[in-house]
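Enquirer: The structure under discussion is supplied below as structure tokens; questions concerning it will follow.
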Amino acid sequence: MTTGDPETGAELPPLVAAQHRAMPFTRLTDCGMDPADARRLLADTTAGIPWQDAATIIADVQLERARSAEAAGHGSTARQAYRFASAALMFAQMAYQSDIPEKGELYARHTAATAALAPGVERVEITHRGGVLSGWLSLPQAAPPRATVIVWGGLSGWGAAYLSLADAYTARGLACLLAEGPGQGESRLRHGLYVDEQVTDGFARFVDLVEADPRLSGAIGVQGISFGGLFAAHLAAADPRVGAVVVNGAPAAPTVPEFRTAREQMAAVVGTDDLVRVAAVMDGLRLDPDKHRIRCPLLLLHGGRDPLAGYEDQEPFLRAADPATSTVRIWPDGQHTLYNHAAERDALTGDWFTDHLAGRATPKR
């Protein structure tokens with residue numbers, strides 16, 4: 001059986017077609033791939049090269065370009081190539097839903113490529129439940145930052161996948177911490193920290209980290225992308241230190257997905273193949289507007305063509321918040337998390353956080 005590729009019109013095997021749907025050109029470039037590399041990845045996988053192999057080859061070319069630029073003293077070119085390599089390796093590991101060694105190895109290579117961006121991007125770590133939560137901190141050139149925004153992804157794209165978003169925030173004088181929370185990135189793949197009913201406690205550790213950094217003295221906002229928007233909403237409801245929250249493309253009442261690959265992805269986030277346990281965790285994470293009140297300003301983003309989170313799936317976040325301080329922005333043609341409106345989306349959220357956080361006093365502990 002073959003399936004048509006929406007990008008190219010080619011007839012593809014079901015696995016490849018599913019990968020192209022989950023990782024279209026707009027998502028690849030939104031999360032930092034060189035547009036030429038993104039086109040090559042889709043073309044090479046259409047031609048039959050396995051996704052992880054095609055993405056790794058692209059990353060290797062960019063890493064060699066980075067090393068050559070470094071040797072020649074061209075630091076800007078090297079940093080660009082390391083970022084492109086980092087993005088390609090992020091997408092390489094997405095070929096694997098379960099936490100097999102190959103996925104961990106690819107993510108470790110992604111982390112190493114991102115670390116080469118230092119000092120422009122700083123690696124940060126904080127302990128949690130006997131393990132380590134990690135992330136990447138970007139600071140604006142003008143010091144001190146006007147405020148700090150903590151950002152995290154969802155089930156498959158984490159941390160440095162959102163370096164372009166961090167660029168938009170630092171350009172506005174905001175510090176940006178790209179978090180890898182429980183069930184995400186090296187926090188999961190290396191340190192065994194998973195999503196459970198108390199996952200909010202893990203994401204709150206990043207607020208602790210920001211409060212402990214003397215460079216980050218302003219107000220704190222949080223932003224969750226895709227499934228991570230649910231975690232952001234829960235944290236905003238539970239933690240008075242959160243001064244503003246953005247939710248982008250999240251379900252308020254998550255369920256175990258119907259499709260096998262999506263189920264495997266969610267099971268990996270929870271750290272078990274027991275679907276009864278996975279369902280119990282999802283039920284425990286449901287945001288109830290009557291119980292979970294969001295008292296800080298909320299910005300809800302929605303794409304009208306989002307196949308994973310309909311407006312009705314996100315509407316409970318609005319009911320949980322104060323109508324006087326809530327804003328919803330809808331793009332009728334928007335894909336999941338608005339991949340196809342990335343620049344406008346990031347400018348909007350950057351300006352919104354600036355308006356709601358800059359100049360505010362740091363919330364009391």
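Enquirer: Kindly provide the set of residues from the range 237-251 that are aliphatic (A, V, I, L, M) and open to solvent by 10 Å² or more (accessible area, probe 1.4 Å), ordered by number.
Expert: Correct list: ALA237, ALA238.
Enquirer: I'd like to know if the range 316-337 contains one or more residues that are touching a residue at least 60 places away in the same chain (Cβ under 8 Å), of a type in the set (Val, Ile, Thr) and within 20 Å of VAL222 (Cα to Cα).
Expert: Yes, the range 316-337 has at least one match.
Enquirer: Only one of ALA88, ALA36 is out of contact with any helix residue (DSSP H, G or I) (no Cβ under 8 Å at 6 or more places or on another chain) and small (Gly, Ala, Ser). Can you tell me which?
Expert: ALA36
Enquirer: Among ALA309, ALA268, which is the only one that is open to solvent by less than 60 Å² (accessible area, probe 1.4 Å), in contact (Cβ under 8 Å) with a residue 12 or more places away in the chain and farther than 20 Å from VAL247 by Cβ?
Expert: ALA268
Enquirer: Please determine, by comparing only the residues of the range 81-105 that are open to solvent by less than 50 Å² (accessible area, probe 1.4 Å) and small (Gly, Ala, Ser), which one is farthest from the chain's Cα centre (by Cα).
Expert: Among those that are open to solvent by less than 50 Å² (accessible area, probe 1.4 Å) and small (Gly, Ala, Ser), it is ALA81.
Enquirer: A further question on this structure: Can you pull out every residue in the range 119-141 that is open to solvent by less than 20 Å² (accessible area, probe 1.4 Å) and not in a strand (DSSP E or B)?
Expert: Once the filter is applied, which keeps residues that are open to solvent by less than 20 Å² (accessible area, probe 1.4 Å) and not in a strand (DSSP E or B), the range 119-141 yields VAL121, PRO140.
Enquirer: Residue under question is ALA108, and the condition is that it be open to solvent by 30 Å² or more (accessible area, probe 1.4 Å), part of a helix (DSSP H, G or I) and either at positive phi or not charged (D, E, K, R) (or both); does it hold?
Expert: Yes: the conditions hold for ALA108.
Enquirer: Out of everything in the range 341-361 that is in a helix (DSSP H, G or I) and open to solvent by 50 Å² or more (accessible area, probe 1.4 Å), what residue ends up being nearest to TRP158 (Cα to Cα)?
Expert: ALA343
Enquirer: Have a look at THR56, THR45 and point out the one that is assigned to a helix (DSSP H, G or I), touching a His at 6+ places or on another chain (Cβ under 8 Å), at pLDDT 95 or above and more than 25 Å from ASP346 (Cβ to Cβ).
Expert: Values: THR56 fails: touching a His at 6+ places or on another chain (Cβ under 8 Å).
None of the other options fit; the residue is THR45.
Enquirer: So which of ARG21, ARG27 ends up being in a helix (DSSP H, G or I) and at pLDDT 95 or above?
Expert: Exactly one residue qualifies, and that residue is ARG27.
Enquirer: How many of the residues in the range 160-184 are more than 17 Å from GLY218 (Cβ to Cβ) and basic (Lys, Arg)?
Expert: Count: 0.
Enquirer: Could I ask something else about it? Tally the residues that are within 18 Å of the chain's Cα centre (by Cα) and farther than 24 Å from THR114 by Cα, restricting the search to the range 178-200.
Expert: Looking only at that region, the number is 3.
The values are calculated or read from the model by the stated rules, or taken from the named source; none is laboratory data. Nothing here was measured: the structure is a model prediction, and the numbers come from that model. Ideal geometry is used to build each Cβ from the backbone, glycine not excepted, and the neighbour counts take in all protein chains shown. The protein model used for the area step is the full one, side chains on, heavy atoms only, and it has no ligands, DNA or RNA in it. Shrake-Rupley method; radii C 1.70, N 1.55, O 1.52, S 1.80 Å.
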